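Written out below as structure tokens is the structure these notes cover.
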Amino acid sequence: MTNSNALNLNVDLIEELEYRGLVHQMTNREGLLEKLQQERVALYCGFDPTADSLHIGHLLPILILRHFQKAGHNPIALVGGGTGMIGDPSGRSTERSLNTSDTVAHWTNRLKEQLSSFLDFNEEANHAKLVSNYDWLAPLDIISFLRDIGKHFTVNYMLAKDSVDSRLANGISFTEFSYMILQSYDFYRLLTDQNCTLQVGGSDQWGNITAGLDLIGKMGGGNAFGMTVPLVTKSDGKKFGKSESGAVWLDRNKTSVYAFYQFWINTDDNDVIKFLKYFTFLDRTQIAELEAELAERPEKRAAQRELARQVTSLVHGEDAVVSAEKITQALFSGDVTQLDESELVEALQDMPTTVITGQEEIALLDLLIKSKAAPSKRQGRQDIESGAVYVNGQRQQDVEHVLTKEQRLHDKYIVLRRGKKNYFLVKFE
């Protein structure tokens, strides 16, 4: 990539990030712009292994790295194999639980696997890198840490940072108090070892990022920059990243592809355009067209469908989009017979499930009671007679109907539906 091409491309990059609302704070904007125009920049973002999977709250900083790589720069994904054993006080009112070294090591490897799906580690010119700060934090002895690094931080300086100040009322351990110093040292090490001059992170990381810049200056490391992405908020005031069943994870074994797709397709009209800018790589014209469609025909939910497609494809691949849309259509129409076994189980994994063993046939009325689809036989009869009960997508109004093995989907499942949305899965063993 020539310098002239880099000049045009990189000026557009910062403007594009700002158009999308992805820049919350930035140190020395003009200095960073000038550097981006002149050379390929290495930048990093840290991800502490506090669980065995990333969740959608991590998506914005991940996508910032991807935006920079698409523009020709070198992203570094840092997994906190070391800091993950300490605990970041940022954004928390209480101490984190300390995990064993084996647990942190396992989670570190899981996060490395997930990050590999978002960044290109093979591109020759601007390949991404994966590093763990355990490599340089673990060998540090306490005397070197205190003399060579800790001496550059005053207690007053650290107390003034929001991540620490917000914890003083409830108390903060020396362990978490020291986290800022360790993250600052990460930045210094990446600058000196990898020529990494930019750190990005969530808005709650601003204090840690600027502390790193201060440490770099005091240790003679050279010129560096910091940038944060905004805290994602929803127009209704509810916390972003939570579904009815809890956190929305990037691991399909923790949040199914269908549930992941549904999270995005259920985005409120007031949020969907903002989320299209945040979480997709659609261009301005495409977003403007979806915004116009939303204003004219909001009931079509075209913007939500495109958001769900784009993010699901980004995280899980195009095949996952096809599967999620197939499941969505099956549940909307009530015709679950078109789903293969894995899709059926995924579609109904959050629905009430009843396991029945060693029974060749069963009366529909009894099955309604066993599966708790009806609270009583009287109510069950009324539901059947009124046409509110469906078996594998077919309305069943015969109160005396008996279900046989031949009616089971994939030789083991019966799907009951009462009304429009109340699904119950029965598995025969």
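The values are calculated or read from the model by the stated rules, or taken from the named source; none is laboratory data. No experiment lies behind these values; they were computed from the predicted model shown. A quick note on method: Cβ atoms are made from the backbone with ideal geometry, for glycine too, and the neighbour counts reach across all protein chains shown.
Yes or no, residue by residue, for (1) at pLDDT 85 or above; (2) over 25 Å from the mean Cα position of the chain (by Cα):
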| position | (1), (2) |
| --- | --- |
| 95 | no, no |
| 121 | yes, no |
| 125 | no, yes |
| 130 | yes, no |
| 138 | yes, yes |
| 170 | no, yes |
| 195 | yes, yes |
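Name the pairs: first residue in region 181-193 and of a type in the set (S, T, N, Q), second residue not in a helix (DSSP H, G or I), Cβ to Cβ under 7 Å, at least 6 apart or on different chains?
183/46; 192/221
I'd like the full set of residues that are in a loop (DSSP other than H, G, I, E, B) and among the β-branched types (Val, Ile, Thr), limited to region 216-247.
232 - this is the single residue of region 216-247 that is in a loop (DSSP other than H, G, I, E, B) and among the β-branched types (Val, Ile, Thr).
Can you name every residue in region 360-377 that is within 17 Å of residue 422 (Cβ to Cβ) and outside any loop (DSSP other than H, G, I, E, B)?
364, 365, 367, 368, 369, 370
Consider residue 328 carefully, then state whether it is in a helix (DSSP H, G or I), surrounded by 16 or more Cβ atoms within 10 Å (Cβ to Cβ) and out of contact with any strand residue (DSSP E or B) (no Cβ under 7 Å at 6 or more places or on another chain).
So residue 328 fits the description; yes.
Does region 72-87 include one or more residues that are hydroxyl-bearing (Ser, Thr, Tyr), assigned by TED's automatic domain parsing to the domain that holds residue 130 and modelled with pLDDT of 95 or more?
no
Could you please let me know if residue 107 is surrounded by fewer than 22 Cβ atoms within 10 Å (Cβ to Cβ), within 30 Å of residue 160 (Cα to Cα) and without any contact (Cβ under 8 Å) to a residue 60 or more places away in the chain?
Here the answer is no, as residue 107 does not meet what is asked.
Could we say that residue 322 is in the same structural domain as residue 410 (by TED's automatic domain parsing) and of a type in the set (A, V, I, L, M, F, W, C) here?
So residue 322 does not fit the description; no.
If I filter region 349-359 for residues that are among the polar types (S, T, N, Q), in contact with a helix residue (DSSP H, G or I) (Cβ under 9 Å, 6 or more places away or on another chain), part of a loop (DSSP other than H, G, I, E, B) and at pLDDT 90 or above, do I get at least one hit?
no
Scanning for something under 16 Å from the mean Cα position of the chain (by Cα) and of a type in the set (Phe, Trp, Tyr), does region 322-338 turn up at least one residue?
No: region 322-338 contains no residue that is under 16 Å from the mean Cα position of the chain (by Cα) and of a type in the set (Phe, Trp, Tyr).
Of the residues that make up region 369-386, is at least one more than 38 Å from the chain's Cα centre (by Cα) and closer than 30 Å to residue 253 by Cβ?
no
Step by step: first the residues of region 201-243, then only those that are of a type in the set (Asp, Glu) and in the same structural domain as residue 189 (by TED's automatic domain parsing), then the one that is farthest from residue 114 (Cα to Cα). Which residue is that?
For region 201-243, the residue satisfying everything is 214.
Pick from 304, 310, 286: which is over 23 Å from residue 258 (Cβ atoms) and outside the structural domain of residue 62 (by TED's automatic domain parsing)?
That would be 286, the only listed residue that is over 23 Å from residue 258 (Cβ atoms) and outside the structural domain of residue 62 (by TED's automatic domain parsing).
Yes/no matrix, rows are residues, columns are (1) exposed (fewer than 12 other Cβ atoms within 10 Å of the Cβ); (2) under 24 Å from residue 41 (Cβ atoms):
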residue	(1), (2)
125	yes, yes
131	no, yes
136	no, yes
144	yes, no
163	no, no
175	no, no
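Among the residues of region 331-361, count how many are crowded, with 18+ Cβ neighbours inside 10 Å and touching a strand residue (DSSP E or B) at 6+ places or on another chain (Cβ under 9 Å).
Final tally of qualifying residues: 6.
Of the residues 147, 167, which is among the basic types (Lys, Arg), assigned by TED's automatic domain parsing to the domain that holds residue 212 and in a helix (DSSP H, G or I)?
After ruling out the rest, the residue left standing is 147.
When only residues in region 248-295 that are surrounded by fewer than 15 Cβ atoms within 10 Å (Cβ to Cβ) and not in a helix (DSSP H, G or I) count, which is nearest to the chain's Cα centre (by Cα)?
Going through the qualifying residues, I end up with 253.
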